[in-house]
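For reference, the structure is listed below as structure tokens.
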Amino acid sequence: MSVIRVADAFLWGDKKLTEKRSSFIEETKKSHKGGNITLMAALLTLMISALLMFFAFKFKVELKEARYRKDSYLCFHYLNIQTENYFSDMVKFNWAIRTAFAATFSVVGTAQAEAVWNALKIARNARHLYYIKGLVSNQYCKGKISILPYLQKQPFETNKAYLLSPDLDGTAKLKEEQWKITYYQKPDGIRLNKSFCLEAEMSAEGAFIPNFKIKTQEISMAGFSQLKCLSGFQ
């Protein structure tokens, strides 16, 4: 009987040991499975976060590029409109000043004609200064580099201080019948291939003819086109 009991005890112990081992293996498997799910969830969260950051950065850059384009065209359009209006007014002043100058040589009313002639020149110079002020200080253009070409390439002859250098009769002298102005706004925080310059080709038939024309085009700063943009600042 003792032998049978001992055998039963060994069998019972072996059974319990097998059960414990099986339970331990199952718990280990469950633990590993849960760890894999947690790791996958962490990786997925990291990937989504990275994508969100990428698209947020991309949107920020594209927003800057849209503002860069809008600001460039607003300033460019403003400067061209101001130049066109200025040219039209200067042609009118030229006719009035020349007429008044011719009147100073008449026998009657020479003093009055000279006073009118001088007053017209003062008014013309004031209009010129108003044009300069509009180029330098306005709500559309930022930075000196954008307005400098318009100061340097004014329609009528000026001195180093950008004041008019009139003819003997006091009329403004046209520099040339055709000239080009390159507008460029320095890009900040945008892709280089999205930056550009704007070119205005201006023409006039004379200082007394109000036939002022402007042709514009956009030039990309990418590749060799950049040389064409930069050449406009010479």
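The values are calculated or read from the model by the stated rules, or taken from the named source; none is laboratory data. Because the structure is predicted, anything quoted here is derived from the model rather than measured. Cβ sites come from the backbone with ideal geometry, for glycine too, and all protein chains shown count toward neighbours.
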- Note on the structure: Going through the stretch 108-122 in order, the residues found to be surrounded by 13 or more Cβ atoms within 10 Å (Cβ to Cβ) and either touching a strand residue (DSSP E or B) at 6+ places or on another chain (Cβ under 9 Å) or under 14 Å from residue 163 (Cα atoms) (or both) are 121
- Query: Name the residues in the stretch 177-211 that are within 18 Å of residue 221 (Cα to Cα) and acidic (Asp, Glu), would you?
  - Reply: 188, 199
- So is residue 171 in contact with a helix residue (DSSP H, G or I) (Cβ under 9 Å, 6 or more places away or on another chain) and assigned to a strand (DSSP E or B) or not? no
- Message: Condition (residue is within 20 Å of residue 92 (Cα to Cα), without any contact (Cβ under 8 Å) to a residue 12 or more places away in the chain and surrounded by fewer than 18 Cβ atoms within 10 Å (Cβ to Cβ)) applied to the stretch 150-163: is it met by at least one residue?
- Response: no
- Message: Condition (residue is touching a strand residue (DSSP E or B) at 6+ places or on another chain (Cβ under 7 Å), modelled with pLDDT of 95 or more and not in a helix (DSSP H, G or I)) applied to the stretch 124-140: is it met by at least one residue?
- Response: no
- Message: Whether any residue in the stretch 58-69 is surrounded by fewer than 18 Cβ atoms within 10 Å (Cβ to Cβ) and either modelled with pLDDT of 95 or more or within 14 Å of residue 183 (Cβ to Cβ) (or both) is what I want to check.
- Response: yes
- Task: Would you be able to tell me the number of residues in the stretch 174-196 that are surrounded by 15 or more Cβ atoms within 10 Å (Cβ to Cβ), in a loop (DSSP other than H, G, I, E, B) and without any contact (Cβ under 8 Å) to a residue 40 or more places away in the chain?
- Result: 1
